[in-house]
Structures are given as C-alpha cells and as structure tokens.
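In what follows, a single structure is set out as structure tokens and then discussed.
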Amino acid sequence: MGTQTKSTAVGPADSAVERKIQLTPDAPERSIVSIEYGTTEQLFDEIRKFLAQHPGLTTDAVLKLTYFLLAILFPEYAAIWPFVSIVSADSVGSSLLLRMIKSVCLAPLHLGEVTLSALLTLPASPRPTLLLIDQPAPNKELERVLRIVSRPGGRVLRNGKFHDVCLPTLLCTSEPLHDRWILEQAIHVALTPSCGRLPKCDPESLSESARILRGKSFRYRELNLSKVRDSRFDAPDFSSPMREIACMLGNCVVGETSLQRCLLMLLEPQEQDVRIRRTDSIEAVVAEAVLFLSHEGRRSEARVGEITTIANGILAGRGENIAPDPRAVGHLLRSLGLFSQRLGRAGRGIRFTREIRRQIHQLANAYDVRTVLDKSSCEFCAEVGPRTVAPRQKR
C-alpha cells in the first residue's frame, strides 16, 4: 500500500492490457494511516453519504455499494467472493462513480479491459483489494474471467505454475451480462443517467476524502478481523446463491443487527428475481413435466418423448417460443441427475421407482416449479411439504 511502482520491464510482445495489469494496484500516494472510525454504524453512514453524492445512484444502489465496500475488507472469510455488476449507458457518470469507489478502497486495481492471460501476469504481491473492470461491452472472455475470479480457493494452472486470481470484483458495463451463472452470483446495481450536472470532484477534495475513508476502513479491518471470522449471520429463507451473498455482506457489519435486517430487505427483490428465473428455466420446466407424469395414475415409467411433449406444452402455454427436441430433453434429464434407460421397444425413458419419485419431488422443490407439491395421495409431496411459489413477474 505504498507508492505506486512498476514491475520488471515488459517485452515488446506483451499486449497493452498485460502491460497495464503488471502495475501495482492503484494505491494512495502515501501509506495509509489508521484513523478511528467510531462505531460500525458511523463508518457505514459516512461511506453511504459519500457515495450518495452521485446523482445517478438510487438509495438502494448506495446501500448495496456501502455493504460491498465493507465486505471487501474481509475477503478471506467470504464463502463467495464479493462481486458487483453495474450497468450504465452514461459513460461520464460511471467514470465518476469508479473514481469515488477507488477513493474508498485500500488498494484497488482499475482496468479498462481484462483477459485471463493478462490476469495471470498479476504479481503475487502486492495484491489488490478490489478488481475494477470498466469494460463497455461484455464478451465471452470477460465472462470466462468472472467465472474464475468469483470462486475462492480455485487456482489456474499455466506453464507449470499455480496462479491465484480470485479477487473481489466490481464490473461496470454499458450492457448487461448474459451468463445466468454469473448473474446469480452478482450484486446488481443500476446507475441511472443524471438529468443535471454531475458534482465536481476535484483531485484535492477527492484525495482528502480518500485519506479519511481509507484510514477508517483500514482501522475497521484491524479491529474486526476476528469478529467477522466468528460471525454466524445467516439468511435461511434465501435460496442459494443469494443466501451466501447475504451472509458475506451481513457478517461484515459487525455488531449492528439493524444493518443486518436492512440488508435482508435490500436483497429480497433480487432473491425473488433469482427464484423466478430459476422457475422459468428450461431445467425447471423439464422437472415439472416429469413431476406431472409421475403423478399420473399408476404410471410406472415415462418415455423421453412423452416428457418432451409435456415440457413443450408447458413452454407454449407460457408464451415461450422454444421447443427442445427429445435429444435435448434427454441431456437436460441427465444434467438433473435423472438418467434414462431403455424401456424395451418404447425407446428410452425413466422408470418411476420410489427413489426416483423422491428425487423428482426434491428437484421440483429446488427449482420452485409452478406445480404445487400438495397432491394428497402422494407420500413424496408430503415429505417435501408445502412451499410458497414465487410470483411470476410480468414481461
């Protein structure tokens, strides 16, 4: 966290991104001096007020970023890496926001574009506390990188060496990501266009804010490492991965139950969105089709073709314009752990043994399928128990 210096010379074959990433993190001009911060609530409120100066941030967006900036102080105790996705078509507004976020972080690394090859050149020390990626348009390479950096403990093997590239990450793009897996891992923040002029953040005032906020954040980490490590905050009503995200953020607001309760209310809309997306997924529809057939009279088996017909009927009834063929449905069944077998001349399908029926009901419950699991004559519906299906969003 000292003065910014360059690493060893870069050869002519290195790309611009690789040259950029070989710099040390964007550290402050002088070493961080620890500053007393008062209480957790006082520090939280000070960071919140600083971010609230940006007119493009809603109240919810400011709160999400404040929780995130406290969480990245303790990444070693996170089961899931802190990851924020900001979508904004306002390039000037997003540029200002990134400058403000950099002012709060202890040692951020700001990149205009990132590739895995470039990330592997990141020196082992000093390590950035936050990877800021300001890339206008997402692409497959970016999504590949995000999948890797968001999995703590995972390493990349390249040229006989192991590289640890897992880092707390904030991504700013003008278009949303498409990878469902990454979307579910992210804390989503919308930056709206500002009608008026953006506040003027001159380097001197920004530097002074950075000195104070970094000093207080540094002290907060010093005093609360063991408390965050031993925190047992939980959000049992949330589904995965929102439960892990809530735990990661909630553990870092030490001793403030009111802030933890506020966090759950803040994340509730995103939790509902995750569950609705999961219910609308093709995997959920196939699970619902198998569930329907397993409830049908004394049926002991179902061919893949029958499952396909039911699944496509469900999709058509919901206005979807996709219709997977039996081969695709067979692959989806396999991905759900339901392995088909040859049913004589009838072709391939699933035999409804007791264990398979139980597994089907567990899958239906996990995917929040629209079919309510309350069939009175079904012992497996009783095992799973009643649940509340998330309401469907209007399109």
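Bear in mind that the values in this text are calculations on the coordinates, not laboratory data. Note that this is a predicted model, so its numbers are computed, not measured. When we count neighbours, we look across all protein chains shown, and the Cβ atoms used for this are built from the backbone with ideal geometry, even at glycine.
How high is the relative contact order of segment 237-395? Use alpha-carbon pairs under 8 Å, at least six apart in sequence, and give a whole percent. Please report the intermediate quantities before stating the final value.
Working: 166 pairs, mean separation 36.3, N = 159.
It rounds to 23 percent for segment 237-395.
Which cross-chain or sequence-distant (5 or more) residues have an amide H under 5 Å from the amide H of Val165, H modelled 1.01 Å from N in plane?
Val156
Let's test the formula: R0 of 56 Å, r as the Cβ-Cβ distance of Thr371 and Ala124. What FRET efficiency results, to the nearest 0.05? Don't skip to the end; give the middle numbers.
Values: r = 52 Å, r/R0 = 0.93.
After rounding to 0.05, the efficiency reads 0.60.
For Leu170, enumerate residues with amide H under 5 Å from its amide H, sequence gap 5+ or separate chain, H modeled in the peptide plane.
Val84, Leu131, Leu132, Ile133
When a footprinting reagent is the concern and you count Cβ atoms within 10 Å, what order do Lys227, Lys161, Lys216 take, fewest first? Could the numbers behind the result be given before it?
On the way: Lys227 14, Lys161 9, Lys216 21.
Lowest to highest Cβ neighbour count: Lys161, Lys227, Lys216.
Taking the square root of 5 times each eigenvalue of the Cα gyration tensor, what semi-axes in Å does the equivalent ellipsoid of segment 256-342 have, largest first?
Over the Cα atoms of segment 256-342, the semi-axes work out to 34, 15, 12 Å.
For segment 91-203, what is the relative contact order in percent, using Cα pairs closer than 8 Å and at least 6 residues apart in sequence? Let's see the in-between values first.
Values: 124 pairs, mean separation 29.9, N = 113.
Across segment 91-203, relative contact order equals 26 percent.
Of the lysine pairs in segment 54-203, how many meet both conditions: Cα atoms under 25 Å apart, and a spacing of 8 or more in sequence or different chains? Don't skip to the answer; put the middle values down first.
Numbers: Lys64/Lys102; Lys64/Lys200; Lys102/Lys200; Lys140/Lys161.
Final tally of qualifying lysine pairs is 4.
By how many degrees, 0 to 90 and rounded to 10, does the Cα axis of helix 354-366 deviate from the longest principal axis of the chain?
That helix lies at roughly 40 degrees to the long axis.
Determine ³J(HN,Hα), in whole Hz, for all residues of segment 246-253 in sequence, where each value follows from phi through the Karplus function 6.51 cos²θ - 1.76 cosθ + 1.60 and θ = phi - 60°; x replaces Gly and Pro.
4, 5, 4, 6, x, 5, 8, 9
Viscosity 1.567 mPa s, temperature 4 °C: what is the translational diffusion coefficient of segment 281-384 from Stokes-Einstein with a Kirkwood Rh over Cα pairs, rounded to a whole number of µm²/s?
Details: Rh = 13.7 Å.
Translational diffusion coefficient: 95 µm²/s.
Which residue, Arg219, Arg277, Arg197, has the most motion in a Gaussian network model of the chain that connects Cα atoms within less than 10 Å?
Arg197
With angles folded into 0 to 90 degrees, how steeply does helix 203-230 sit against the dominant principal axis of the chain? Use alpha carbons for both and round to 10.
50 degrees
Would you work out the relative contact order for segment 152-291, in percent, from Cα pairs under 8 angstrom that are 6 or more residues apart?
Values: 62 pairs, mean separation 20.7, N = 140.
With pairs under 8 Å counted, the relative contact order is 15 percent.
Counting other beta carbons within 10 Å of each residue's own, what order do Tyr367, Tyr67, Tyr77 fall into, fewest first? Spell out each step's value before the answer.
Numbers: Tyr367 21, Tyr67 27, Tyr77 17.
The fewest-first ordering by Cβ neighbours comes to Tyr77, Tyr367, Tyr67.
Given a 10 angstrom Cα cut-off, can you work out which residue in His54, His331, His188 is the most mobile in a GNM of the chain?
The residue that fluctuates most here is His331.
Please list, ordered by chain and number, the residues whose modelled amide H lies under 5 Å from the amide H of Arg348; skip anything fewer than 5 residues away on the same chain.
Here the answer is Val304, Leu343, since their amide H atoms fall under 5 Å of that of Arg348.
Could you list Ile212, Ile322, Ile47 in order of exposure, starting from the residue whose Cβ has the fewest other Cβ atoms within 10 Å?
Listed from fewest to most nearby Cβ atoms, that is Ile322, Ile212, Ile47.
Quick one: length gained pulling Phe339 to Arg180 fully straight, 0.36 nm per residue minus the C-alpha distance?
Details: separation 159, 0.36 × 159 = 57.24 nm, distance 2.44 nm.
This chain segment gains 54.8 nm when fully extended.
Going by a ≥ b ≥ c, the root eigenvalues of the Cα gyration tensor, does segment 55-191 fall in the rounded group (a/c under 1.5), the prolate group (a/b larger than b/c) or the oblate group? Show your work: numbers first, answer last.
Numbers: a/c = 1.66, a/b = 1.42, b/c = 1.17.
Prolate is the answer for segment 55-191, as a/c is 1.5 or above and a/b outweighs b/c.
Over segment 16-275, one equal point on each Cα, no solvent: what is log10 I(q)/I(0) by the Debye formula at q = 0.10, 0.12 Å⁻¹?
-0.47, -0.69
Just to be sure I understand: with springs between alpha-carbon atoms less than 10 Å apart, which residue in Leu338, Leu191, Leu249 has the highest mean-square fluctuation in the Gaussian network model of the chain?
Maximum among the listed residues: Leu338.
If you take the alpha carbon radius of gyration of segment 198-357 and divide it by 2.2 N^0.38 Å, what ratio comes out, to two decimals? Could you put the intermediate results ahead of the total?
Values: Rg = 25.3 Å, N = 160, 2.2 N^0.38 = 15.1 Å.
The reported ratio for this selection is 1.67.
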